[in-house]
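K.L.:
Sending over a structure as structure tokens; questions will come in a sec.
The values are calculated or read from the model by the stated rules, or taken from the named source; none is laboratory data. What you see is a predicted model; the values in this text were computed from it and never measured. Every residue, glycine as well, gets a Cβ built from its backbone with ideal geometry; the counts of neighbours run over all protein chains shown.
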Amino acid sequence: MSRILAIDYGIKRTGIAVTDELQIIASGLTTIASDTAIAFLKNYFSKENVAKVLIGEPKQMNGQPSESTPVIEKFVADFTKAFPEMKMERVDERFTSKMAFQTMIDSGLSKKQRQNKALVDEIAATILLQDYLTRKMI
């Protein structure tokens, strides 16, 4: 089988998570500088079999697009151009960053460790992916 990869794209940093080959478990992969995302993905796709990519869609509480939507829409356009054959799905990413931060607290990370925004982004991508897997199984 192949993996599903999730992207929590941000203005500065991008969190990336991936499933195992059986698409059962979501794990954080890394956090990268957002301006390197396409190059990173080209390299990753050349080494791993990825069936689908999930890209977070930021929304406000009322369902309207967030302030970062134009930046993410540009990334989606660049992604589609770079990987026209790759299946891509947009998924609601509301609350993933808050959930990631709470996960860090719950797992006993120190205040200094919780200030690591790269880790927050990676955990947010993992939550996004795990939520997708859970909904897919229902």
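K.L.:
Which of the residues belonging to the range 1-15 are in a strand (DSSP E or B), under 23 Å from Glu73 (Cα atoms) and of a type outside the set (Ser, Thr, Tyr)?
P.N.:
Within the range 1-15, Ile4, Leu5, Ala6, Ile7, Asp8, Arg13, Gly15 qualify.
K.L.:
Could I ask something else about it? Return yes or no: is Lys47 farther than 16 Å from Glu93 by Cβ and not polar (S, T, N, Q)?
P.N.:
It is true that Lys47 is farther than 16 Å from Glu93 by Cβ and not polar (S, T, N, Q).
K.L.:
Looking at this structure, is Val18 outside any helix (DSSP H, G or I), at pLDDT 95 or above and of a type in the set (Val, Ile, Thr)?
P.N.:
Considered against the rule, which asks whether it is outside any helix (DSSP H, G or I), at pLDDT 95 or above and of a type in the set (Val, Ile, Thr), Val18 comes out as yes.
K.L.:
For Pro58, indicate whether it is touching a helix residue (DSSP H, G or I) at 6+ places or on another chain (Cβ under 7 Å), modelled with pLDDT of 75 or more and over 21 Å from Arg3 (Cα atoms).
P.N.:
yes
K.L.:
Continuing with the same structure: Going residue by residue through the range 66-73, is there one that turns out to be at pLDDT below 95, assigned to a loop (DSSP other than H, G, I, E, B) and in contact with a Leu (Cβ under 9 Å, 6 or more places away or on another chain)?
P.N.:
no
K.L.:
Of everything in the range 21-50 that's in contact (Cβ under 8 Å) with a residue 40 or more places away in the chain and in a strand (DSSP E or B), which residue is nearest to Met137 (Cα to Cα)?
P.N.:
Across the range 21-50, the extreme among qualifying residues is Ala26.
K.L.:
Of all residues in the range 2-31 being touching a Ser or Thr at 6+ places or on another chain (Cβ under 7 Å) and within 15 Å of Lys47 (Cβ to Cβ), which is surrounded by the fewest Cβ atoms within 10 Å (Cβ to Cβ)?
P.N.:
Result: Glu21.
K.L.:
Select from the range 122-138 the residues that are farther than 15 Å from Asp92 by Cα and out of contact with any helix residue (DSSP H, G or I) (no Cβ under 6 Å at 6 or more places or on another chain) and write down the one among them that is surrounded by the fewest Cβ atoms within 10 Å (Cβ to Cβ).
P.N.:
Ile138
K.L.:
Further, regarding this structure: Starting from residues that are over 16 Å from the mean Cα position of the chain (by Cα) and of a type in the set (S, T, N, Q), keep the ones in the range 64-79 and report whichever is nearest to Lys42 (Cα to Cα).
P.N.:
By that ranking, first place goes to Ser66.
K.L.:
Among the residues of the range 48-58, are any over 14 Å from Gln130 (Cα atoms), loosely packed, with under 15 Cβ neighbours inside 10 Å and not small (Gly, Ala, Ser)?
P.N.:
Yes; the residues of the range 48-58 include at least one that is over 14 Å from Gln130 (Cα atoms), loosely packed, with under 15 Cβ neighbours inside 10 Å and not small (Gly, Ala, Ser).
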